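S.K.: This is the structure I have questions about; it appears just below.
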Amino acid sequence: PASELPIELARELRGRLTPQEAKLWVALRKLRPAGFHFRRQVPIAGFIVDFACLKHALVVESDGGQHNADGHADRDRRRDDELARRGFRVLRFWNAEIDRDLRSVMDT
């Protein structure tokens, strides 16, 4: 999907994954034989999502504590609504979930 965001920004973000994003990226790549080809830091609809499987219109987000800050939850909700309007299903996981129980995250 087209995005007005510069691809250079997405490339830069790919080189600065958080520890939880890196952990999740390793796990998501293992799903490729099952038909889930994930990309990381993907520009979609004016946003850069953490991970996306375009074939299955699935977005996976790894959220840190800043997502609890004032206004951030509202921005996330608007972002998720726009992605859903474009046919994407968005799954959000807290960094603590990824650290504590990656298996459950992957089962979801």
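The values are calculated or read from the model by the stated rules, or taken from the named source; none is laboratory data. The structure displayed is predicted, hence computed values, not measured ones. Cβ atoms come from the backbone with ideal geometry, glycine included; neighbour counts cover every protein chain shown.
S.K.: I'm trying to understand the selection: among the residues of the range 77-101, which are touching a helix residue (DSSP H, G or I) at 6+ places or on another chain (Cβ under 6 Å) and among the hydrophobic types (A, V, I, L, M, F, W, C)?
M.R.: Hits for the range 77-101 are Val90, Phe93, Ile98.
S.K.: In addition: I'd like to check something: does the range 62-74 contain any residue that is part of a helix (DSSP H, G or I) and either under 14 Å from the mean Cα position of the chain (by Cα) or modelled with pLDDT of 90 or more (or both)?
M.R.: Step one: of the range 62-74, the residues part of a helix (DSSP H, G or I) are 65-68, 72-74.
In the following step, the residues that additionally are either under 14 Å from the mean Cα position of the chain (by Cα) or modelled with pLDDT of 90 or more (or both) were identified as 67.
Yes; the residues of the range 62-74 include at least one that is part of a helix (DSSP H, G or I) and either under 14 Å from the mean Cα position of the chain (by Cα) or modelled with pLDDT of 90 or more (or both).
S.K.: Would you tally the residues in the range 73-102 being aliphatic (A, V, I, L, M) and buried (at least 17 other Cβ atoms within 10 Å of the Cβ)? It would help to see each step written out before you state the result.
M.R.: Residues of the range 73-102 that are aliphatic (A, V, I, L, M), as a first pass: 73, 83-84, 90-91, 96, 98, 102.
Still in the list and also buried (at least 17 other Cβ atoms within 10 Å of the Cβ): 83, 90, 98.
Matching residues across the range 73-102 total 3.
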